[in-house]
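What follows is one structure encoded as structure tokens, with my remarks underneath.
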Amino acid sequence: MSFNTFGKIFKFTTWGESHGPAIGCVIDGCPPNISISEKEIQKDMDRRKPGQSKFTTQRKEEDKVVILSGVFEGKTTGTPISIIIHNKDTRSRDYESIKNKFRPGHADFTYFKKYGIRDYRGGGRQSARETACRVAAGAVAKLVLSKLIGSKFNVIGAVTQLGLMSCDVNNWEDSEIRKNPFFCPDKKSIKLWEQYLLSVRKAGSSCGAIIELRASGIPVGLGAPVYSKLDTDIAAALMSINAVKGVNIGSGMSSAYLSGEENSDEMRMTSGKLKFKSNNAGGILGGISSGQDIVASFSVKPTSSILSSRETIDKKGKNSNISVKGRHDPCVGIRAVPIGEAMLACVLLDHYLMNRAQCG
């Protein structure tokens, strides 16, 4: 299997499987003399790890990170940073009864047809368990960007729609996102979301979600037209996350419904500073950051592993039925928030370093 590495200058390679002894990543291209500790990385890991509430999978993983290389006396050395995360709570027996069947909506069928072999235990390499490695890499990227850009830099994500239930983004509060199990920015929506997701879980079904990401403090000039536009790489990064089926930059698909007057982000100079009247472009013009907040959103499909019996085929091509038991999220989009933040941070750092190399 090829293509397990992401990035151009700041890049990381992930390894491991869902039910293997461990997963991990090797980060290359990280600048030296950046203060980094396992404790700081662990903060983001704890936001993604499973089993934290009744609204996520009950698989219990500490997701404790251990730095094996690249950090000396609390600072990066500029050499590859290797991180390992041991798997603690695998239950491979849950998959014995369906190991010869292809789960609808999963990558079982395509993986087997492409490689002629697959790890059926929790999906193996195709499992979202791999995303823990991305969050570790993203935590490093955030620390580096905070050092290079300063305290004004911030990346934050939130779930703005849970299945059929949306929230009012005009009520967005960063502090509220950290307080509830849905990563919801609108305090008024939480009770309704709780009732809705409990009903979905009770029915043995699942739902999708939309996650919005906002990055502030980003300087003008990140992005390299024509084939390495900032929004191109952000879209690719977010689309690479498991179960993601669509990405918007700024107004995204909704731009098609706007007039030229409505869509144009007008500019004025106020007290010697440039001010934009709106941000339909999501902080990116012509593939280059404009200095406004970077705004992107992505949709996550409903969890494919559900209790309801579904039609499928087995490895021999015979028709069959399948009901997937075990421990699964009723909405995988909830835990996708720190993953989206991580991938956005990695892209921003990669482009920051590329811009510094070319333009000083």
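Worth a mention:
- Helical content of the chain, expressed as a calculated mean residue ellipticity at 222 nm, amounts to -8000 deg cm²/dmol (DSSP H runs of 4 or more residues, -39,500 (n - 2.57) each, divided by residue number, nearest 500).
- If you plug the beta carbon distance of Ser37 and Ala256 into 1/(1 + (r/R0)^6) with R0 = 51 Å, you get a FRET efficiency near 0.65.
- Estimated vicinal HN-Hα couplings, Hz - segment 247-260 in sequence order (Karplus 6.51, -1.76, 1.60; Gly, Pro = x): 9, 10, 10, x, 5, x, 4, 5, 4, 5, 8, 9, 7, x
- The relative contact order of the chain, computed from alpha carbon pairs under 8 Å that lie at least 6 residues apart in sequence, is 22 percent.
- Computed from Cα atoms alone, the Kirkwood hydrodynamic radius reported for segment 147-281 is 17.6 Å.
- Length added when fully stretched, Ser308-His86, from 0.36 nm per residue minus Cα-Cα: 76.7 nm
- Taking the chain as a Gaussian network of alpha-carbon nodes connected by springs under 10 Å, the highest mean-square fluctuation of the residues Ile210, Ile67, Ile339 belongs to Ile67.
- In order along segment 196-208, the phi-based Karplus estimate (6.51 cos²θ - 1.76 cosθ + 1.60, θ = phi - 60°) of 3J(HN,Hα) comes to 5, 6, 5, 5, 5, 5, 4, 7, x, 10, 7, 9, x Hz; Gly and Pro are listed as x.
- Stretchable slack from Asp174 to Thr79, in nm (0.36 nm times residue separation minus alpha-carbon distance): 30.8 nm
- Couplings 3J(HN,Hα) of segment 73-86, computed from phi: 6, x, 10, 5, 9, x, 8, x, 9, 9, 10, 10, 10, 7 Hz, in residue order, whole Hz [Karplus 6.51 cos²θ - 1.76 cosθ + 1.60, θ = phi - 60°; x for Gly and Pro].
- The portion of the accessible surface of segment 122-234 made up by carbon and sulfur, rounded to a whole percent, is 52 (1.4 Å probe; DNA, RNA and ligands excluded).
- To put it simply, the accessible area of segment 244-360 at a 1.4 Å probe is 49 percent carbon and sulfur.
- Whole-number D in µm² s⁻¹ for the chain, Kirkwood Cα-pair radius fed into Stokes-Einstein, 25 °C, 0.890 mPa s: 114 µm²/s
- FRET efficiency estimate (nearest 0.05) - Cβ-Cβ, Ser151 to Val66, R0 30 angstrom: 0.55
- Here's how it looks for Gln161: its modeled amide H is under 5 Å from those of Ile210, which are all 5 or more places away or on a different chain.
- Greater than 20 Å apart at Cα, pairs in Lys75/Lys152; Lys113/Lys316; Lys99/Lys316; Lys99/Lys315: Lys75/Lys152
- Dipole axis of the chain (+1 Lys, Arg; -1 Asp, Glu on Cβ), positive-most option in Gly272, Ala235, Cys25: Cys25
- If you run the Gaussian network model on the chain, springs between alpha carbon atoms under 10 Å, then out of Leu274, Leu348, Leu238 the most flexible one is Leu274.
- Longest segment of the chain lacking GluC sites (Glu not before Pro) that sit in a DSSP loop with at most 12 other Cβ atoms within 10 Å: 74-265
- Surface analysis of segment 242-285 yields an accessible area of 69 Å² per residue, using protein heavy atoms and a 1.4 Å probe.
The values are calculated or read from the model by the stated rules, or taken from the named source; none is laboratory data. Model, not experiment: these values are computed from the prediction. Using ideal geometry, Cβ is built from the backbone for each residue, glycine included, and neighbour counts are taken over all protein chains shown. Just the protein is used for accessible areas: all its heavy atoms, side chains included, with ligands, DNA and RNA removed. Shrake-Rupley method; radii C 1.70, N 1.55, O 1.52, S 1.80 Å.
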